[in-house]
Structures are given as structure tokens and as C-alpha cells.
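Contents: one structure, followed by commentary.
What follows draws every value from the coordinates through simple rules; no lab data is involved. Because the structure is a prediction, the values reported are computed rather than measured. Cβ coordinates were reconstructed from backbone atoms using ideal geometry, including for glycine residues, and neighbour counts include every protein chain displayed.
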Amino acid sequence: MLSTADHSRERVGYKYVYPVISRRSGGLSVGINLNTNNACNWRCIYCQVPNLTRGSAPPVNLKGLQTELEGFLSSILNGDFYKAEKIPKELQKIQDIAISGNGEPTTADEFEQVIEVIELVLMNLSLLNQTKCILITNGSLVNREYVQKGLKKLALINGEIWFKVDSATTDGINRINQISGNELSALKRLDIAAKHCPTYIQTCVFAFEGKKPSEDDKKAYIELLQEAINRNIPLKGVYLYGVERPSLLPESANKISKLPEDWLISFAEQIRNIGISVKVAA
């Protein structure tokens with residue numbers, strides 16, 4: 001039976017398409033994994049991808065993706081999937097289609113065409129604009145033309161971006177995402193994303209080696225959000241979530257732990273105090 005603790009990409013035997021019960025979506029999410037080689041241009045210390053490597057997505061078989069997505073959505077619509085997986089009645093609804101998976105999806109050269117495939121399948125199944133389409137991204141490539149074209153098309157099919165911001169300090173970004181970056185570059189990329197498609201910030205919070213995020217970390221994060229407001233970046237809100245499964249990176253295995261729910265609720269309230277809506281998944 002599916003659960004929030006099981007996000008296996010191989011569960012239904014497809015290459016690209018997989019189902020999850022998502023805490024953030026609040027139910028059944030149909031995932032699309034373009035990074036079938038377990039490659040990403042970031043290396044976030046809480047990552048749950050096995051044998052993660054630095055790199056980009058391999059070429060995408062667009063026809064294969066279409067066949068898988070159409071076939072799997074059809075099995076959900078006719079009830080076969082729910083019966084086989086013993087999905088509770090209250091979860092028997094497709095909350096969204098999420099372009100996510102085992103790495104950064106916008107590294108796929110066919111990203112724009114992938115959005116077109118999703119649109120075609122939803123149209124064929126009379127689901128267009130009835131089902132939310134989500135891109136979960138670190139936003140590192142939103143300055144590229146092919147990504148921006150894809151984001152514009154995503155916006156037209158009831159789409160939204162969940163843009164990763166796990167820290168608002170240079171040290172935190174380098175430590176958590178294991179990249180060379182800073183809060184100013186994050187703001188610039190966030191601005192580009194939000195002007196092409198409705199955008200939420202997605203932030204993972206956790207204790208590292210038993211230590212919670214510091215007051216300075218939280219203050220810097222609030223200041224980044226305030227700066228986004230000052231720059232008129234049209235944010236839809238923040239998704240604040242904790243870790244549910246252990247990191248599979250050797251350098252951080254057994255070092256990441258879950259924060260108390262009241263910590264997330266308290267931090268969410270601080271964010272709301274500057275006028276930004278927050279959803280929490282502890």
C-alpha cells in the first residue's frame with residue numbers, strides 16, 4: 001500500500017511515471033521522473049535519491065512518456081489502481097501531476113516538449129485544467145530560453161512552480177544544497193520564475209547533527225521573503241515541510257532528523273506575519 005514513506009519510482013513498473021501519497025499535496029500525486037539516471041546539478045544533503053550523481057537528465061523518450069502517463073492516468077480513472085493499491089476512499093483523487101523525481105527536471109533538453117506531452121494527455125483524458133500540474137525545481141536554470149518557454153506553457157495548463165529555497169544565507173546554501181550560490185542569485189531566479197508561472201517557495205527544514213536552524217538562519221529567511229515583497233516578486237506563498245525519510249547521501253546519512261511539529265508551526269507564523277501565506281507539512 002502506498003504511503004508518505006514510500007516514494008519508489010519503480011512501483012508501477014514504468015520508466016518515467018510513478019505514484020506517491022504526498023504530504024505536500026495532501027493525497028495522490030502522479031510523479032514524472034525525467035532524471036532516470038539519478039543525476040542532478042545540486043546535491044542537497046537531505047536528498048533521498050539512491051546513488052545520486054552530479055549531472056543532467058538523459059534524453060527523454062517523449063512517445064514513451066506519453067504512453068506511460070496516459071496509461072497510468074487511465075488506470076486511476078477506471079479504478080484499477082485504487083483497488084490494487086488499496087488506496088483509502090478519502091485519497092482516491094488525483095491531486096496533481098508533479099514533474100519531480102530523481103534530479104533537477106529542467107536539466108532535460110526536452111523540458112518544453114514534456115509540458116506539451118502532459119497537455120496532450122490531459123486533453124485526451126478530459127482532465128485539462130481540472131488537474132494541477134506542478135514543477136518541483138531548484139530554479140537554477142530558469143534563465144535559459146527553453147526552460148522559460150516550458151514555464152509559460154506550464155502556466156497555461158493550470159500549472160505552478162514549487163521553487164526550492166532551503167536557506168537564505170550563502171553559508172547555508174553552500175552547506176545544504178552543496179552548490180556555490182547566494183541569496184541574491186536566488187532572488188533573481190525566483191523573480192524570473194514567478195513572472196513566467198505562478199510560483200511558491202518550497203523549503204525543507206530539519207535538524208542537522210541534532211541542531212535546529214538557528215535564530216540567525218530564520219531571520220535571514222524572513223528577510224529574503226521581505227526583499228521578495230519589496231521587489232514585487234509575485235509569490236503565491238510558501239510550502240514549509242519537514243523530512244519524512246532518511247537521506248541517502250553517504251556524507252549526511254544519519255545526520256538529518258525531523259524537527260518537532262510545533263517548531264514548523266511557530267516558524268510558519270513568523271512568515272505569515274509579513275503577509276505571506278504558508279502551508280505546513282511536518
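Quick look at the values:
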| quantity | calculated |
| --- | --- |
| Theoretical FRET efficiency, 1/(1+(r/R0)^6), r = Cβ-Cβ of residue 231 and residue 272, R0 30 Å, to 0.05 | 0.95 |
| Region 228-282 and region 180-197: distance between their alpha carbon centers, rounded to Å | 18 |
| Loop-located GluC sites (Glu not before Pro) in region 148-240, at most 14 other Cβ atoms within 10 Å (DSSP) | 209 |
| Over region 17-281, relative contact order from alpha-carbon pairs under 8 Å, at least 6 apart, % | 19 |
| Dipole in debye (nearest 20) - the chain, about Cα centre, beta carbon charges: Lys, Arg +1; Asp, Glu -1 | 140 |
| Linear extension gain, residue 74 paired with residue 185, 0.36 nm per residue minus alpha-carbon span | 35.8 nm |
